[in-house]
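Report on the structure given below.
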Amino acid sequence: MGSVVEYRCTRCTFTSGQLSVGWGNDGRRGFWGALARCKVCQRLGVVDLNAREPDRGGRRCADCNGLLVLFEGTSAEIQCPRCDAALRHAPLGSWM
């Protein structure tokens, strides 16, 4: 079962919106969502770890083609892309 989470800034109004991480009833064979952040544009989102990536030197941001950094778990310490304050992890539910 996967988790639906949202990250909210402790200082400004930034919110990540709903993010689906983990895997559903199909297990890791289906969608396997991992939290990721772009090194260039700082976009926070989810990537499917099962998706085949072309040999481009790692996973890339869909917006700016910057290299993505993966976070382990949902409670990793993540800085706000707007003001650099800490983001708080808010569990919103689960998905199958």
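The residue pairs whose first member lies in segment 34-46 and is in contact (Cβ under 8 Å) with a residue 40 or more places away in the chain and farther than 12 Å from residue 80 by Cα, whose second member is part of a strand (DSSP E or B) and of a type outside the set (Gly, Ala, Ser), and whose beta carbons are closer than 6 Å, counting only pairs six or more residues apart or on different chains, are 35/21.
With respect to (1) at negative phi; (2) over 13 Å from the mean Cα position of the chain (by Cα), the lone exception for residue 71 is condition (2). Among the residues making up segment 28-73, none is surrounded by 18 or more Cβ atoms within 10 Å (Cβ to Cβ) and among the polar types (S, T, N, Q). Yes or no: segment 48-60 includes at least one residue that is touching a residue at least 40 places away in the same chain (Cβ under 8 Å), small (Gly, Ala, Ser) and part of a loop (DSSP other than H, G, I, E, B). The answer is no, given that none of the residues of segment 48-60 is touching a residue at least 40 places away in the same chain (Cβ under 8 Å), small (Gly, Ala, Ser) and part of a loop (DSSP other than H, G, I, E, B). Could we say that residue 82 is in contact (Cβ under 8 Å) with a residue 40 or more places away in the chain, surrounded by fewer than 17 Cβ atoms within 10 Å (Cβ to Cβ), assigned to a loop (DSSP other than H, G, I, E, B) and touching a Cys at 6+ places or on another chain (Cβ under 9 Å) here? So residue 82 fits the description; yes. Of the residues 87, 19, 44, 67, the single one that is out of contact with any Leu (no Cβ under 9 Å at 6 or more places or on another chain), of a type in the set (A, V, I, L, M) and at pLDDT 90 or above is 67. Restricting attention to segment 11-29, the residues that are touching a residue at least 12 places away in the same chain (Cβ under 8 Å) and either touching a His at 6+ places or on another chain (Cβ under 8 Å) or part of a loop (DSSP other than H, G, I, E, B) (or both) total 7.
The values are calculated or read from the model by the stated rules, or taken from the named source; none is laboratory data. As the structure is a prediction and not an experimental result, all values here were calculated from the model. Here Cβ is always computed from backbone atoms with ideal geometry, including for glycine, and neighbour counts include all displayed protein chains.
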